[in-house]
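The values are calculated or read from the model by the stated rules, or taken from the named source; none is laboratory data. Computed from a predicted model, the values in this text were never measured in an experiment. All Cβ positions, even for glycine, are placed from backbone atoms using ideal geometry, and neighbour counts span all protein chains on display. Ligands, DNA and RNA are stripped out before the accessible areas are found, and what is left, the full protein with its side chains, is counted by its heavy atoms. Shrake-Rupley method; radii C 1.70, N 1.55, O 1.52, S 1.80 Å.
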Amino acid sequence: MSSPPQQENTSPDSKDEESRHLLTAPLPQSTSPLINGDADDGEEEFAYGSGEKIHVVEFDSVPIDGVDYSTVPPFSWKKLWQFTGPGFLMSIAFLDPGNLEGDLQAGAIAGYSLLWLLLWATVMGLMIQLLSARIGVATGRHLAELCREEYPRWAGLLLWFMAEVALIGADIQEVIGSAIAIKILSRGVLPLWAGVLITASDCFLLLVLENYGIRKLEAVFAVLISTMALSFAWMFGDAKPNGKELLAGLLIPKLSSRTVRQAVGVVGCVIMPHNVFLHSALVQSREIDLKKKGQVQEALNYYSIESSFALLISFMINLFVTTVFAKGFYGSEQAGSLGLVNAGQFLQDKYGGGLFPILYIWGIGLLAAGQSSTITGTYAGQFIMGGFLDLRLKKWLRALITRSCAIVPTIIVALIFNRSESSLDVLNEWLNVLQSIQIPFALIPLLTLVSKEDIMGTFKIGPTLESVAWTIAVLVMVINGYLLLDFFVSEVNGLLFAFLVCAGTAGYIAFILYLISHGGGNVANWFNLLRTKGYSYAGQ
């Protein structure tokens, strides 16, 4: 006997409903055990276990019969609020101590003239991060997991090693930036190495916060970002920058030969390799049915809105820092010697007094930047290590291993380079080079995988967006290549060292070309066609 109509409408497990789901699901990944796994095993195998994900209201509140699952529902402020969070965690990489140092040096040496570049660099960074979010939402897996599955084991391990090196380099900058802030706020009582040890405790803070749920973790980051915004906005108000010059710097592109290095630094700080991996995992914290195309597209729309707003706030914070130092130090004798270590004291000498000493305002903002970025670094390390190596470890153990990999070299570095301000500046230059080298090994896999239909289904990017994304990626890699060339020309001395650098560069370029040719999409096809023609010409 057939069931009454009311019973059919309330039976999501019926065969008819299952057929509807399958017909509207072009995504082969939706049946992967990585998505449909058990909640108990989720802590070991997935970015987020099913019990950890945030349930989005209204996703299950519509009737089943007659629903077009390929249609995106109307905009909802309530849903936007529920999707708000991952973008702000991602935006921390645009506000880490390394970025702040690049901001202050750009302002002191180039004045307001590079603000337009800061704006467009942030837009480029937003596009890359939206692609990272896209691949995470559409597949239910993050970039490190996809790299492990799509590339041969040797290539996957090499990509993991590069990602870990980039993460350690970024973490050293972030931890030392936080330690400098602690030294400022303690009036020099706590040395740099003590600040490093204190900052290392954020690993345990992360574990505690995770136990209370992802929403509590996101709330803590909202507080840290608000602290940065208030601190640097206060500095901005005290400095009273020239409004006309600021607006001209934003709207009129200007670049001179003496500010090229600062311009390269502004663009180079935008894309952090570990952040590309991180964002693809963060977006999986919301519960989404991958079989419903409309629901996936809706999630992508909300993530695009909240990520854009988060990076707008990060842009304003970077703008505050750049303009404060542009107003106070552009054209001064101190402009070329400014860095994180002495910036607070220079600010105090220039703007000291007022209701609250600007030295401590700077210290508070720097501490918030350092603490938040080290926590996200630990978070990214868990996903990178777990995704590439397919580790079956508890999260606390994975976080402890990841933190140890970064903290041990950081303490050694702090003890060695704490002798003078100039030595820390040299360290920072080397760390910037280290991270610049790793950028292709995050961007190329992202752009090749997000263009593959067998991975993304109907959510793969189109030819136009693919061309724009590759143009941005090539531009960023060329700019960083210029930075590397400039750095090595000035720093590489000795025949043996030069030989090692040349050999390493050859291997580096060969691996990049392999990654491009291995991927799908128009760029890989064009590259392989070009290579085939090159072989045929060589044969003739």
Rounded to a whole number, what % of the accessible area of the range 461-512 do carbon and sulfur atoms account for, probe 1.4 Å?
80 percent
Calculate the spin-label point distance for L312 paired with L391, positioning each point 7 Å from the Cα along the beta-carbon direction, and give it in nanometres.
3.8 nm
Under the 0.36 nm per residue contour assumption, what length would be gained going from the current alpha-carbon distance of M127 and V208 to full extension?
25.9 nm
Net charge of Cβ neighbours under 11 Å - reference A326; Lys, Arg +1; Asp, Glu -1
-1
Phi to ³J(HN,Hα) by Karplus 6.51 cos²θ - 1.76 cosθ + 1.60 over the range 345-351, Hz, x for Gly, Pro:
5, 5, 4, 4, 5, 7, 10
Label point distance in nm, L495-I509, each placed 7 Å from Cα along Cα→Cβ:
2.3 nm
Tell me which residues come under 5 Å, amide H to amide H, from D96 once H is placed; ignore anything under 5 positions away on its chain.
none
Scoring only Lys, Arg, Asp and Glu (+1, +1, -1, -1) among other residues with Cβ under 11 Å from the Cβ of G213 yields 0
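If the limit is 31 Å between Cα atoms, which of K183/K240; K78/K291; K78/K394 go over it? The partial results should precede the final answer.
On the way: K183/K240 27 Å; K78/K291 23 Å; K78/K394 33 Å.
Flagged as over cut-off: K78/K394.
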